[in-house]
Amino acid sequence: MYYDASYDRELVALANDRDTGWNFVAYDETIDFDPTKLDGGGGIDPRKLSLDSAEGFTPVYPHQFLRVNTIFEVIHEAGL
């Protein structure tokens, strides 16, 4: 996954847009509550995330965007 921009056929780009197709997916500082602050103003704002139409239009966080296990997913599954 690239830091700044990606595209995905299955995700919906905006909460108000229910069309599927090649949609822009952003996982950079623009998804933070306040991109001008070092801590993102409290982290990731779920209202700025792309939505998964197959899962009832739920937000897709960066770790969910990858379709393979990463070391972080293995640790999370282990309860850590």
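The values are calculated or read from the model by the stated rules, or taken from the named source; none is laboratory data. Here the structure is a predicted model, which is why all the values come from computation and not from measurement. In this analysis, Cβ positions are derived from the backbone assuming ideal geometry, glycine residues included, and neighbour counts consider all displayed protein chains.
Worth a mention:
- Taken over region 35-80, residues that are in a loop (DSSP other than H, G, I, E, B) and either within 16 Å of ALA13 (Cβ to Cβ) or charged (D, E, K, R) (or both) amount to 9.
- Residue in region 10-23 that is among the acidic types (Asp, Glu), under 14 Å from the mean Cα position of the chain (by Cα) and at pLDDT below 80 present: yes
- Whichever residue in region 24-57 is of a type in the set (Ser, Thr, Tyr) and within 10 Å of the chain's Cα centre (by Cα) and, among such residues, is surrounded by the fewest Cβ atoms within 10 Å (Cβ to Cβ): TYR27
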